[in-house]
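Novice: Before I ask anything, let me first share the structure, which is written out below as structure tokens.
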Amino acid sequence: MKILGIETSCDETAAAVVEDGTKILSSTIASSSEMHIKTGGIIPEQAARQQVKSIIPVIQQALVEAVNEKVKTRKQPLSSGHHSFISESNIDAIAVTVGPGLIGSLLVGVETAKTLSYLWKKPIVPVNHLVGHVYANFISEKSKLPEKLRNGTGKSQKPTLPKFPALALVASGGHTDLVFMKSHGKIKWIGGTRDDAAGEAFDKTARLLKLPYPGGPAISAVAKKFLDQSSATSHQSLTMFPRPMINDDGFDWSFSGLKTSVLRSVQKTPDLQHRISEFSANIQEAIVDVLVTKTLRAVKKYKPRSLLLAGGVTANKRLRQRFKHEISNLKSDTNIFIPAPKLCTDNATFIASAAFFNYSTIDWKRISVNPQLTIASETQFKTRNSNGEA
Ligand code: KG4
Ligand code: ZN
């Protein structure tokens with residue numbers, strides 16, 4: 001089954017065609033993030049206007065590339081009339097992000113999906129963006145081998161799909177959640193942030209250091225300079241900033257204190273411009289430390305068969321290294337899955353994949369956006385029938 005995924009929850013306009021939830025036939029992304037560099041953050045109105053401009057060309061490109069991918073993998077050459085193949089006839093359903101996100105941006109994707117569903121007579125599958133992120137782990141990418149790191153052997157296996165039960169860390173720009181998944185669609189929320197999300201902590205502290213938006217990749221790049229040059233690179237030595245709730249029994253986080261602490265240090269540091277990389281390495285470590293420590297504590301408690309990393313923050317190199325290293329020390333039977341960095345940040349492949357594995361359609365007349373959706377509210381989609389009735 002081929003699903004066209006549409007993702008417009010924030011400042012990316014993305015479309016992708018994914019086969020059977022695992023094989024990418026095409027993936028196209030247009031981003032307005034360059035525009036937001038000037039303002040140091042997203043202006044929702046501008047992001048939505050940019051979505052309107054990009055949505056049709058992006059969908060068109062994804063459909064054309066999906067056909068070209070099919071042509072490449074076809075044993076027999078196509079007849080000369082194969083251009084008629086470039087159309088909706090190549091897809092079986094449309095998946096679209098309905099929330100959470102910016103209302104103006106979400107509406108562009110959902111209204112477009114509705115129109116296409118009506119015109120093409122294809123079913124629509126509504127997708128929760130946060131659940132979508134988790135499905136980046138189900139997409140086959142050469143760089144995404146599940147790593148069997150038991151007993152510190154570091155041996156990797158052939159690519160396989162994650163097995164349930166699974167524990168997922170979803171760390172994005174607006175959310176940071178830990179969820180336990182018994183199977184597809186059976187999600188139990190076990191913890192989350194009480195204030196800022198991990199991505200938000202990167203973005204806001206980057207702003208304090210006058211680094212560009214988005215802050216995560218910017219901090220990570222500058223921190224690398226410090227980590228490459230300094231001998232004090234263990235997490236025990238990068239302790240300029242606090243790790244709130246790290247020893248707490250529950251699975252919640254709090255990142256707003258970090259921002260305040262960075263602000264105070266910035267104000268007290270006259271030679272700040274010479275210490276940006278040191279500050280960045282310390283900020284990164286504080287965020288990574290609490291994410292890794294608490295997630296692995298949850299692995300010990302829940303003993304999942306798979307640990308799935310998801311969301312833009314999990315593109316962070318240091319976070320990925322620390323997870324791989326520390327799960328091997330746990331000597332558990334849990335396999336860790338880490339999507340390729342480009343699948344961690346917003347794109348439409350995981351939206352199409354989530355729709356395949358949680359296939360529940362809704363009539364185009366009944367679909368609506370929900371900017372406040374959380375991962376805990378996910379069950380609302382699971383009880384709908386094909387008419388969208390609860
Ligand atoms: O999941 P995502 O692409 O979009 C949302 O759904 O929010 O996440 C965006 C967040 C931003 O806060 C960005 O700074 C952060 O992910 N991010 C990173 C990295 N790449 C993106 N944070 C740390 N290190 C990175 N390499
Ligand atoms: Zn996202």
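Where a number appears in this text, it was derived from the coordinates with a stated rule and is not lab data. Computed from a predicted model, the values in this text were never measured in an experiment. So basically every Cβ, Gly included, is an ideal-geometry build from the backbone, and we count neighbours across all protein chains shown.
Novice: Taking the Cα centre of the chain as origin and charging only Cβ (+1 Lys, Arg; -1 Asp, Glu), how large is the dipole, in debye to the nearest 20?
Specialist: 1100
Novice: What's the extension gain from Ser89 to Gln372 if we count 0.36 nm per residue and subtract their Cα-Cα distance?
Specialist: 98.5 nm
Novice: Now for a separate question. Run the dipole for region 190-233 about the Cα centre, Lys and Arg Cβ at +1, Asp and Glu Cβ at -1, nothing else charged, and hand back the magnitude in debye, nearest 20.
Specialist: 160
Novice: I want the antiparallel fraction of DSSP beta bridges within the chain, as a percent rounded to 5.
Specialist: Of the beta bridges lying entirely in the chain, close to 60 percent run antiparallel.
Novice: Then there's this: Along the charge dipole of region 215-353, which of Pro341, Gly257, Ala281 sits closest to the positive end, that is, farthest toward it, with unit charges on the beta carbon of Lys, Arg, Asp and Glu (+1, +1, -1, -1)?
Specialist: Checked the options; the winner is Pro341.
Novice: Okay, next question. Evaluate the distance, in nm, between pseudo-label points positioned 7 Å from the Cα of Asp20 and of Val52 along their respective Cα→Cβ axes.
Specialist: 4.2
Novice: In sequence order, what are the phi-derived ³J(HN,Hα) couplings for region 29-39 according to the Karplus relation 6.51 cos²θ - 1.76 cosθ + 1.60 with θ = phi - 60°, rounded to whole Hz, with x for glycine and proline?
Specialist: Each residue's phi maps through the Karplus curve to give 9, 10, 10, 9, 4, 4, 5, 7, 4, 4, 9 Hz.
Novice: Determine the calculated [θ] at 222 nm for the chain from helices alone, applying -39500 (n - 2.57) to every DSSP H run no shorter than 4 residues and normalising by the residue count; nearest 500 deg cm²/dmol.
Specialist: It lands at -12500 deg cm²/dmol.
Novice: I need the peptides 182-193, 167-178 ranked by packing, meaning the mean over residues of other C-beta atoms within 10 angstrom, with the highest value on top.
Specialist: Ranked by mean Cβ neighbours within 10 Å, highest first: 167-178, 182-193.
Novice: Turning to a different aspect of this structure: Say R0 is 51 Å: what FRET efficiency, to the nearest 0.05, do Lys331 and His274 get from their beta-carbon distance?
Specialist: Efficiency, from the Cβ-Cβ distance: 0.75.
Novice: Rank Gln267, Trp364, Leu319 by how far each Cα sits towards the positive end of the charge dipole of region 232-390 (+1 on Lys, Arg Cβ; -1 on Asp, Glu Cβ) and give me just the farthest.
Specialist: Leu319
Novice: Next question, about the same structure. So how much slack lies between Gln60 and Lys224, counting 0.36 nm per residue of separation and subtracting their Cα-Cα distance, in nm?
Specialist: Between Gln60 and Lys224, full extension yields an extra 55.2 nm.
Novice: Where is the GNM fluctuation largest for the chain (alpha-carbon springs, 10 angstrom cutoff): Phe255, Phe226, Phe350?
Specialist: Evaluated over the chain, the most mobile residue of the options is Phe226.
Novice: With a Förster radius of 30 Å, plug the Cβ-Cβ distance of Lys163 and His235 into 1/(1 + (r/R0)^6) and report the FRET value to the nearest 0.05.
Specialist: 0.50
Novice: Given the pairs Lys23/Lys188; Lys38/Lys259; Lys114/Lys186; Lys225/Lys342; Lys188/Lys365, which are separated by over 25 angstrom at their Cα positions?
Specialist: Among Lys23/Lys188; Lys38/Lys259; Lys114/Lys186; Lys225/Lys342; Lys188/Lys365, the Cα-Cα distance tops 25 Å for Lys23/Lys188; Lys114/Lys186; Lys188/Lys365.
Novice: Run the numbers for Thr260 and Thr115: contour at 0.36 nm per residue of separation, minus the present Cα-Cα distance, in nm.
Specialist: 47.6 nm
Novice: Related question: Got a sec? Charge dipole of the chain, +1 on Cβ for Lys and Arg, -1 for Asp and Glu; which of Gln236, Val64, Ser377 is way out at the positive end?
Specialist: Checked the options; the winner is Gln236.
Novice: Give the angle, between 0 and 90 degrees and rounded to the nearest 10, that separates the Cα long axis of helix 198-208 from the longest principal axis of the Cα atoms of the chain.
Specialist: Taking the Cα atoms of the chain, the angle to 198-208 is about 60 degrees.
Novice: Given R₀ = 30 Å, what would the calculated FRET efficiency be for Asp249 paired with Lys317, taking r from the Cβ atoms and rounding to 0.05?
Specialist: 0.50
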